[in-house]
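For reference, the structure discussed in these notes is given below.
The values are calculated or read from the model by the stated rules, or taken from the named source; none is laboratory data. No experiment lies behind these values; they were computed from the predicted model shown. Counting neighbours? That spans all protein chains shown, and the Cβs are built from the backbone with ideal geometry, glycine included.
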Amino acid sequence: MKSFFTTILLLCGIMMATAQQIDSNSGNNQEAQAPVPTNRDYHYDCDNGSCTLKWTSGTTAAKHRLFFGTNADEVERATNYEYEGSETEYAISNLNSMTTYYWRVDEVEEGGTVHKGQVWSFRPRHLAFPEAEGYGRFAIGGRGGVVYHVTNLSGDVNTEGSLPYGLVNIDEPRYIVFDVSGIIELDFNSYAVKPYAYIAGQTAPGKGICIKASNINIGSDVICRHMRFKRGLGVYGENTGNALELTGANHTIIDHCMAAWGTNVTVNGKDAQNISFQYNVISEALGITGHKDYADGRNNGFAATVDGCIGSWHHNLLVHCYGSNWYMDGGMDDENRPIGRLDLFNNVCYNWNARATDGNSHEVNFVNNYYKMGAATKQTKLITLQFEQTTDIADNRTNTAYVSGNIRENKNHTVSSDKQGDTYTATDNVPTDYEYFVNEPLFPSYATIHTAKDAMKIVTSYAGATMPMRDEHLLRNIQETLDGSYHYVGSKSRIKGQIDSEENITEHAAGKGWEEYPEECRADNWDTDQDGMPDWWESCVGSNPSIANQNDDPDGDGWTLLEDYLEFMAHPYLVVEPNTSQSIDMKPFFSGFYGQNANYGHGTPTFSATTESTLLTPSVEGSVLKIQANEVGGVDPVEVTVNDGQGTTWAQRFYVAVTGIPTGISTVWSEDNIEVAKREFFTTDGRKVSTLQQHGVYVMKVTDIKGNTYTMKIIKN
């Protein structure tokens with residue numbers, strides 16, 4: 001069994017000045033109050049490395065003494081103060097986002113009596129990862145914590161090395177990395193993820209991880225990337241539930257994941273705060289499933305219930321879901337007035353049926369979304385603001401929406417822009433005494449906002465669990481969205497594209513709708529010191545493979561060394577030996593820019609590549625990116641920019657590792673150790689081929705004489 005290690009960060013304190021006696025029994029009104037940052041604010045804006053500490057004076061204070069440091073016990077006991085004076089604020093600089101700071105303010109009366117203050121704490125905020133956007137962008141994840149290795153596919157919460165064990169049974173901050181690929185079946189058991197975790201699905205070998213019979217509730221300060229959460233029907237009428245939840249989460253970000261086949265809603269974000277749900281796919285919410293709370297035969301194929309206060313739901317693909325694309329459940333106060341705030345932008349929705357976006361929320365930005373009608377679509381309103389209770393404008397608790405830049409692609413492929421009464425409306429107890437559709441955004445988005453047409457191209461190129469590789473489910477959904485097609489029909493509802501059970505997906509009949517995710521394991525010598533970074537990576541970047549140092553930050557950018565590796569694995573990458581070259585075709589990574597629909601472009605894209613690296617030189621010919629490595633090893637990014645010829649450019653990050661050390665990141669198995677019965681080659685969109693084109697990316701599937709299968713990504717050079 002693999003173990004996990006703790007690395008303690010060295011937290012540097014600040015020298016203090018002089019001291020006097022303390023009266024620790026003072027009354028609360030004589031103590032300092034109302035600290036800024038508020039106590040235990042671990043996402044405070046110190047983006048320039050400094051902040052001003054503020055407080056409200058005690059009632060009898062003549063002056064104030066401030067104590068400051070990086071250890072709570074030391075600050076509580078301290079007698080040497082950092083500041084003394086009459087001002088109720090003090091500027092602090094040279095702050096580090098990896099450090100928690102503690103401070104105390106003692107109030108001194110004219111006669112010298114001292115009222116000792118409480119110890120308060122805060123931590124400077126830092127982006128979860130470079131592309132994190134929206135209101136959950138400062139999620140801490142596992143930063144500063146231990147590394148937990150998922151080493152088996154057990155769904156048992158009590159089995160060490162299982163994913164549920166790492167989610168639920170570890171209390172401290174943790175990075176969760178995967179040494180195994182395949183299906184993890186949870187049998188519809190509900191697991192609530194404890195705070196401070198980075199779930200790194202991109203680290204899995206082979207085809208990655210898929211959670212079957214999923215019922216995961218993501219907690220606060222969690223970063224979750226490149227995971228697949230698929231629920232499925234189970235026994236008809238007995239397994240009502242969601243595939244993925246963020247209920248009650250705060251400062252959490254879900255990025256590049258897939259959630260599918262829910263039987264209540266597929267994604268539930270009720271009662272959350274400060275969350276980001278970006279570049280994900282919500283797919284094929286199951287329709288008629290015998291929902292436990294409704295009459296038999298009711299269609300409950302609902303995509304997502306969303307909240308967030310403020311919740312950023314952006315650059316996602318919602319595909320083949322009957323309704324709730326999205327359902328705005330903004331929460332209500334004690335007097336039944338909406339209090340939620342939602343930022344819904346740059347989402348793509350395809351082939352909904354009876355409901356697109358509806359519900360109520362105090363404030364909603366609904367901006368630059370692309371809704372494409374499909375064979376099943378009946379509802380033409382993209383957003384319906386529902387006034388469920390009487391509102392009180394004087395108390396500023398009204399339903400208000402900013403609607404701008406959205407597109408509805410009609411069944412005949414014409415497009416309709418925002419028009420009240422056509423693409424958006426208000427219903428139910430609609431007030432007449434104020435403007436509920438406004439002309440300006442209700443709050444900032446803290447993200448790059450693209451046009452709706454560009455969002456269609458970007459989302460269909462980039463969304464979903466793309467690393468370590470796209471699965472057949474994702475590739476099919478992307479192609480259906482681009483083509484305006486569907487493959488399957490609900491067995492009970494008979495609705496085109498909207499299934500009632502995963503078994504309606506007949507291409508995987510042997511697996512009852514579940515495609516194959518081969519079980520592959522990392523080699524025993526993959527990560528000698530168990531710090532989450534493979535030996536080849538540590539050698540490549542100048543770290544020591546024998547010393548666990550996941551929380552080091554040698555480049556001082558605020559992300560740990562392990563986070564640097566996780567970022568590398570979250571993007572397409574090439575491994576190139578020194579003084580050699582590698583080439584790769586860009587088309588599979590920009591599939592949305594090759595769509596055939598004239599509404600969002602059907603030209604011939606061109607590409608360019610740039611880097612600040614001295615390790616390599618990129619060049620582009622047609623759609624082929626060539627990397628020429630120099631003699632020095634290391635890891636650096638390359639920005640590949642597509643130009644669609646219609647005024648749109650968009651850049652995607654690729655990584656290049658220059659090393660002569662065997663990496664094992666493409667595969668951990670060798671044909672020398674198995675008896676091969678057959679080899680098969682597939683394109684990344686799942687088509688079986690017999691001829692490989694130069695610079696193409698393919699999946700090779702090897703079957704041995706015992707029927708075991710092995711997969712790996714290859715590039716034909």
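Check every one of the strands (runs of 3 or more DSSP E) wholly within segment 185-259 and list those with 1 or more residues that are in contact with a His (Cβ under 7 Å, 6 or more places away or on another chain). Even if it seems obvious, please write down each step before you answer.
Values: elements: 197-200, 209-212, 222-225, 228-230, 250-255.
Output list reads 222-225, 250-255.
With Met586, Met533 as the choices, which residue is buried (at least 21 other Cβ atoms within 10 Å of the Cβ), under 29 Å from Tyr148 (Cβ atoms), of a type in the set (A, V, I, L, M) and not assigned by TED's automatic domain parsing to the domain that holds Phe178? Show your work before the answer.
Values: Met586 fails: under 29 Å from Tyr148 (Cβ atoms).
Criteria check complete, one pass: Met533.
Would you check which residues across segment 611-625 are more than 13 Å from Pro637 (Cα to Cα), assigned to a loop (DSSP other than H, G, I, E, B) and more than 30 Å from the chain's Cα centre (by Cα) and list them?
Within segment 611-625, just Gly622 meets the criteria.
Output the residue which, of all residues in segment 136-164 that are among the aliphatic types (A, V, I, L, M) and assigned to a loop (DSSP other than H, G, I, E, B), is nearest to Lys212 (Cα to Cα). Please lay out each step first, then the result.
Of segment 136-164, the ones among the aliphatic types (A, V, I, L, M) are 139-140, 146-147, 150, 153, 157, 163.
Pick out the ones that are also assigned to a loop (DSSP other than H, G, I, E, B) and you get 139-140, 153, 157.
Numbers: Ala139: 26, Ile140: 27, Leu153: 11, Val157: 15 Å.
Per the stated criteria, the residue is Leu153.
Go through segment 110-126 and give me each residue that's assigned to a loop (DSSP other than H, G, I, E, B) and either without any contact (Cβ under 8 Å) to a residue 60 or more places away in the chain or within 12 Å of Leu66 (Cα to Cα) (or both).
At the first step, the residues of segment 110-126 found to be assigned to a loop (DSSP other than H, G, I, E, B) are 110-113, 116-118, 125-126.
Scanning segment 110-126 gives Glu110, Gly111, Lys116, Gly117, Gln118.
Looking at segment 519-539, is at least one residue in contact with a Gly (Cβ under 9 Å, 6 or more places away or on another chain), β-branched (Val, Ile, Thr) and more than 28 Å from Ser461 (Cβ to Cβ)?
no
Would you check which residues across segment 558-573 are of a type in the set (A, V, I, L, M) and assigned to a loop (DSSP other than H, G, I, E, B) and list them? Walk me through it before giving the result.
Within segment 558-573, the first condition is being of a type in the set (A, V, I, L, M), and the residues that meet it are 561-562, 566, 569-570.
Residue satisfying the conditions is Ala570 alone.
Filter segment 222-271 down to the residues that are of a type in the set (Lys, Arg) and either touching a Lys or Arg at 6+ places or on another chain (Cβ under 8 Å) or closer than 26 Å to Ala204 by Cα (or both) and list them by number. Before you say what the answer is, go through the steps one by one.
Taking segment 222-271 as the starting set, the residues that turn out to be of a type in the set (Lys, Arg) are 225, 228, 230-231, 270.
Arg225, Arg228, Lys230, Arg231, listed by residue number.
Quick check on my filter: what residues within segment 483-514 are within 15 Å of Lys230 (Cα to Cα) and part of a loop (DSSP other than H, G, I, E, B)?
The answer is Ile499, Asp500, Ser501, Ile505, Lys512, Gly513, Trp514.
Failed condition for Asp106, given (1) closer than 30 Å to Asp553 by Cβ; (2) outside any loop (DSSP other than H, G, I, E, B); (3) in contact (Cβ under 8 Å) with a residue 40 or more places away in the chain, with all others met?
The failed condition is (1).
For Val642, work out the one condition from (1) among the β-branched types (Val, Ile, Thr); (2) touching a residue at least 60 places away in the same chain (Cβ under 8 Å); (3) within 19 Å of Gln479 (Cβ to Cβ) it doesn't fulfil.
Checking Val642 against (1) among the β-branched types (Val, Ile, Thr); (2) touching a residue at least 60 places away in the same chain (Cβ under 8 Å); (3) within 19 Å of Gln479 (Cβ to Cβ), the one that fails is (2).
Might you check whether a residue that is touching a residue at least 12 places away in the same chain (Cβ under 8 Å), among the aromatic types (Phe, Trp, Tyr) and touching a helix residue (DSSP H, G or I) at 6+ places or on another chain (Cβ under 7 Å) occurs anywhere in segment 264-278?
From segment 264-278, those touching a residue at least 12 places away in the same chain (Cβ under 8 Å) are 264-278; that's our starting set.
Retained after the next criterion (residues that are among the aromatic types (Phe, Trp, Tyr)): 277.
With touching a helix residue (DSSP H, G or I) at 6+ places or on another chain (Cβ under 7 Å) added as a condition, the list becomes none.
Looking through segment 264-278, none of the residues is touching a residue at least 12 places away in the same chain (Cβ under 8 Å), among the aromatic types (Phe, Trp, Tyr) and touching a helix residue (DSSP H, G or I) at 6+ places or on another chain (Cβ under 7 Å).
Among residues belonging to segment 430-478 that are under 19 Å from Tyr402 (Cβ atoms) and small (Gly, Ala, Ser), point out the one that is surrounded by the most Cβ atoms within 10 Å (Cβ to Cβ).
The qualifying residue surrounded by the most Cβ atoms within 10 Å (Cβ to Cβ) is Ala455.
Can you name the strands (runs of 3 or more DSSP E) wholly within segment 395-477 that have at least 3 residues being over 30 Å from Cys224 (Cα atoms) and not assigned by TED's automatic domain parsing to the domain that holds Asn360?
By residue number, no strands (runs of 3 or more DSSP E) qualify.
I need the full set of residues from segment 478-498 which are under 16 Å from Tyr594 (Cβ atoms) and either without any contact (Cβ under 8 Å) to a residue 24 or more places away in the chain or not β-branched (Val, Ile, Thr) (or both), in order please. Give the derivation first.
Looking only at segment 478-498, we keep the residues that are under 16 Å from Tyr594 (Cβ atoms), and these are 478-485.
Within segment 478-498, Gln479, Glu480, Leu482, Asp483, Gly484, Ser485 qualify.
Being in a loop (DSSP other than H, G, I, E, B) and of a type in the set (Gly, Ala, Ser) is the filter here, so list the residues in segment 515-557 that pass it.
The first filter runs over segment 515-557 and keeps only residues in a loop (DSSP other than H, G, I, E, B), leaving 515-520, 522-534, 542-557.
If the condition is that a residue be in a loop (DSSP other than H, G, I, E, B) and of a type in the set (Gly, Ala, Ser), then Ala523, Gly532, Gly542, Ser543, Ser546, Ala548, Gly556 are the ones that fit.
Select from segment 111-131 the residues that are of a type in the set (A, V, I, L, M) and closer than 14 Å to Gly141 by Cβ and list them in ascending order. Write out each step before concluding.
Of all residues in segment 111-131, those of a type in the set (A, V, I, L, M) come to 114, 119, 127-128.
Across segment 111-131, the qualifying residues are Leu127, Ala128.
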